[in-house]
Structures are given as C-alpha cells and as structure tokens.
Amino acid sequence: MKNLVWSGDRVTGVVFGDGNGRDIVATARFVVDASGHQSKMAQQVGDRLYSQLYRNIAIYGYLVNGKRLPEPDSGNVLFEAFDDGWLWYIPLDDTLTSVGAVLPKERTGIKENQGNLAGTLQDYIAACPIISEYLAGAQPARETPYGEIRMRQEFSYCHSHFWKPGILLVGDAACFVDVLLSSGVHLATYGALLAARSINTALRGEIDEAVCLHEFELRYRLEYSRFYQLLSGLYDMGKKRPTYHAWLRKWLRDTNAFSLEPKKQNVDRLIREKRPLPKNLSSVEFLRQMNRKMLLTAAITHMEQVESLPAIEGNLVPSPDRLHWLD
Ligand SMILES: Cc1cc2nc3c(=O)[nH]c(=O)nc-3n(C[C@H](O)[C@H](O)[C@H](O)COP(=O)(O)OP(=O)(O)OC[C@H]3O[C@@H](n4cnc5c(N)ncnc54)[C@H](O)[C@@H]3O)c2cc1C
C-alpha cells in the first residue's frame, strides 16, 4: 500500500504498486491500516503522541541454543534487571531465543555506539548473571531475519484518533506501549477484532457507522490505557514484592469494576470546548483527552501516583456470534 485515496473527507481506497513499477488504485468502503509502527498512512488519520514517560530504547537480537527454564516453564519469558534497565529473554521455539535490553533514551553512549550494537547488547547481557548463564552455550542466530542486532527508539505512542470516515488504524499503526508486558500482539489482535466487528455492523447498515467506529475506538483505548497505567505502576522499581502484589490486586479489581461513568462535569467541559458530540459518543472524546494527558505526563515515579481509570462502559454489545454489534 503506497497511499490513501480520499474523496472529500472520506477514504475510499488505496494506491498500491503492482510490482512492475505501476500504481494501481483499489477502492473499498473501508480501509484498515495494519502496517505497523512505520505506517505512512496513520498520520493522515491523527497525530502520533509519544509517551513522555516511556522514552526507552530497545537493543535486541536472536540467539540459538540458549537454556530453558525447568518444566513446566520452559516456554516462559524471563526478565532480569541491571543498573540502567532490564533484559528480556523470550523463547520463540525450542532453540531460538529473543534477547533484548531496554533502557532509557537518555542513556548516553548508545547513539555513538550504533556501529557496535552487538557489543553493546553483549555488555548488558554480561551485567545480568542469570541470563548470562542461560546463554553460556548459545550462538548468535544467522538465519534471515534473525541474524541482525536491531535497535528501536521511543516505542510508546498513541494516535490522537483511531479512525476517520472510511479508515481505521489497528495494531502498531494505532498505538504501542513499551515491551515489558508483551502487550503488542494482544493489542493488535484485539484492535483487529473490534475493527472487524464494527465494519461488519456498519456494512449491514443497522447501526450508524460513526457509532460503530466510536465503539471500536472506545474499547481499544480502554485496553491501551489499562496496559499503560499498569506499566506506570510496575516501572516503580524500588518496591518490595508484597507491595507489587497488593498494588496489582487492587489494580485488577479496579479495572474490572465497570459502570462508573466518566465524571459528568469532565464530559460537559469537553463538549463545551470541542464541537458538541452526540450523547453516546462523548465517552470516546473523554478517553482521547485522557490518553493525551496520560502520554504527555512525565512525572509518574511512584505507583501511588497512577490514576485509576474511569470505568467507562461500551455503548454497544457484541452479538451472540461476536461478529456484530447490537445496540
Ligand atoms: C523490540 C520489540 C519486542 C517486542 N516483543 C513483543 C513480545 O514479546 N510480545 C508481544 O506481544 N509483542 C512484542 N512486541 C510488539 C509486537 O511485535 C507488535 O506490537 C506487533 O507485531 C504489532 O503487530 P502489527 O500487525 O500491528 O504490526 P507488524 O507486526 O509490524 O506488521 C505490519 C506488517 O505490515 C507490513 N507493511 C508495512 N507497511 C506496509 C505497506 N505500506 N504496504 C503493505 N504492507 C506493509 C509489514 O511488512 C508487516 O508485515 C515487540 C516489539 C518490539 C519493537
């Protein structure tokens, strides 16, 4: 896909290359941008807001023949912290392991040392005794696409809008939050499920398209916000184990407790400041504003500062076969 085709304020198709140097236009009622974090189309749907809190760098690569945790945990991931950050160790199959270091962007030396990412990653592995031991008999993977040590920067963001008429963003094209909780694939597939359900319903013409797409964005944003806020607490590295347990228990209880509408005065204020929205659409605008504040806040350093989420309910419910929305 090379570009979007617009007709007025609606996307009506895409331009793609046919592989022989020619551009072809394909028209569609809906376009779903699932082209990942390097999407060239997403910026036509909304602004990408980068998190001020998780301004991290990941340096990662793949090794073969690393050790596995004892059964029944052999497929489980392992994390180990070092002074500047933390390391992940993710078994991908019986022999292949993804290993990556996550550290703050401000960390000096990384940029200057980009020519030697393998050496930099090796240094961080050496700072983690458990993972070093697991990798004692391992070798760097050579097969494409695993043979390269890569770096990714500032990988926590969210778009200001997830859809415009005729186009929806899903997966990394829409949002991404750090790597600690491995939420990327879940958010991508959950977003795709919501998008498919909303498009199905809009195509049947039973519920207004804007209402269907707001439902998609509302539920998707709530899920993103849950992971984002959960991370804010877990990155408070100085606590003792029981404190994490207590905080997590409270967090899970609170985020599963629905039915508290967003504070009415907030919604009223948002509606006053923006163009008026139909009543059942106002909670999406509330969440957009909340996500913006969340991403632009750099000051959370303790789990006690993490704000609880407003338990907003969806406006629609899934049909029994889960393929459509019902109102
Ligand atoms: C270092 C790192 C570690 C991670 N570890 C984990 C983990 O352990 N667990 C987890 O759940 N998530 C993890 N993630 C996140 C996860 O990889 C992503 O969130 C997930 O792959 C997003 O899926 P996606 O389909 O949106 O994008 P992608 O997987 O990036 O797929 C996008 C696809 O679109 C294609 N494409 C791009 N542009 C175009 C175009 N113009 N036309 C046509 N096709 C196009 C690309 O080739 C690609 O195939 C990690 C991410 C990083 C950076």
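Looking only at residues that are within 12 Å of the ligand (Cβ to nearest atom) and open to solvent by 10 Å² or more (accessible area, probe 1.4 Å) in the range 139-169, which one is farthest from Y54 (Cα to Cα)?
It comes out as P145.
Among the residues that make up the range 158-168, is at least one of them within 29 Å of G13 (Cα to Cα) and among the aromatic types (F, W, Y)?
yes
So which residues in the range 231-243 are surrounded by 16 or more Cβ atoms within 10 Å (Cβ to Cβ) and part of a helix (DSSP H, G or I)?
L231, S232, G233, L234
Suppose we keep only residues that are open to solvent by less than 40 Å² (accessible area, probe 1.4 Å) and part of a loop (DSSP other than H, G, I, E, B) within the range 180-193. Which one would you say is farthest from the ligand (Cβ to nearest atom)?
Let us first name the residues in the range 180-193 that are open to solvent by less than 40 Å² (accessible area, probe 1.4 Å), namely 180, 183-184, 187-188, 191.
Those left that are additionally part of a loop (DSSP other than H, G, I, E, B): 180, 183.
Numbers: L180: 10, S183: 6 Å.
Result: L180.
Do any residues in the range 32-46 that are at positive phi have Cβ atoms under 9 Å from those of residues that are open to solvent by less than 20 Å² (accessible area, probe 1.4 Å) and within 7 Å of the ligand (Cβ to nearest atom), where the two are at least six apart or on different chains, and which pairs are they?
G36/G171; G36/A173
Checking the condition within 30 Å of D83 (Cβ to Cβ), among the β-branched types (V, I, T) and either modelled with pLDDT under 85 or out of contact with any helix residue (DSSP H, G or I) (no Cβ under 7 Å at 6 or more places or on another chain) (or both), which residue from T243, T255 passes?
After ruling out the rest, the residue left standing is T243.
Testing L222 on (1) open to solvent by less than 20 Å² (accessible area, probe 1.4 Å); (2) part of a loop (DSSP other than H, G, I, E, B), one condition comes back false. Which one is that?
Every listed condition holds for L222 apart from (2).
Restricting the first residue to the range 57-71 and requiring it to be within 12 Å of D93 (Cα to Cα), which pairs with a second residue that is within 16 Å of the ligand (Cβ to nearest atom) and open to solvent by 50 Å² or more (accessible area, probe 1.4 Å) meet a Cβ separation below 7 Å and a spacing of at least six or different chains?
Qualifying pairs under 7 Å: Y62/Y146.
Which residues, taken from the range 75-103, are aliphatic (A, V, I, L, M), open to solvent by less than 10 Å² (accessible area, probe 1.4 Å) and closer than 15 Å to Y146 by Cβ?
Of everything in the range 75-103, just one residue is aliphatic (A, V, I, L, M), open to solvent by less than 10 Å² (accessible area, probe 1.4 Å) and closer than 15 Å to Y146 by Cβ, namely V99.
Looking only at the range 170-179, count how many residues are in a loop (DSSP other than H, G, I, E, B) and either closer than 16 Å to K40 by Cβ or within 6 Å of the ligand (Cβ to nearest atom) (or both).
Start the filter on the range 170-179 by keeping residues that are in a loop (DSSP other than H, G, I, E, B), which leaves 170, 174, 177-179.
Then drop every residue that is not either closer than 16 Å to K40 by Cβ or within 6 Å of the ligand (Cβ to nearest atom) (or both), which leaves 170, 174, 179.
So the answer is 3.
Residues that are more than 12 Å from the ligand (Cβ to nearest atom) and in a helix (DSSP H, G or I): does the range 43-63 have at least one?
Yes, the range 43-63 contains a residue that is more than 12 Å from the ligand (Cβ to nearest atom) and in a helix (DSSP H, G or I).
Within the range 77-108, take every residue that is in a loop (DSSP other than H, G, I, E, B) and under 21 Å from the mean Cα position of the chain (by Cα) and give me the one that is nearest to E133 (Cα to Cα).
V77
Kindly indicate whether any position in the range 82-104 is in contact with a Leu (Cβ under 7 Å, 6 or more places away or on another chain), outside the structural domain of V185 (by TED's automatic domain parsing), more than 14 Å from the ligand (Cβ to nearest atom) and among the charged types (D, E, K, R).
Yes, the conditions are met somewhere in the range 82-104.
Among the residues of the range 53-74, count how many are open to solvent by 30 Å² or more (accessible area, probe 1.4 Å) and either closer than 19 Å to A173 by Cα or among the aliphatic types (A, V, I, L, M) (or both).
The qualifying residues number 4.
The values are calculated or read from the model by the stated rules, or taken from the named source; none is laboratory data. This structure is a prediction, so every number in the text was calculated from the model and none was measured. Every residue, glycine among them, receives a Cβ derived from its backbone with ideal geometry; neighbour counts consider all protein chains shown. The protein model used for the area step is the full one, side chains on, heavy atoms only, and it has no ligands, DNA or RNA in it. Shrake-Rupley method; radii C 1.70, N 1.55, O 1.52, S 1.80 Å.
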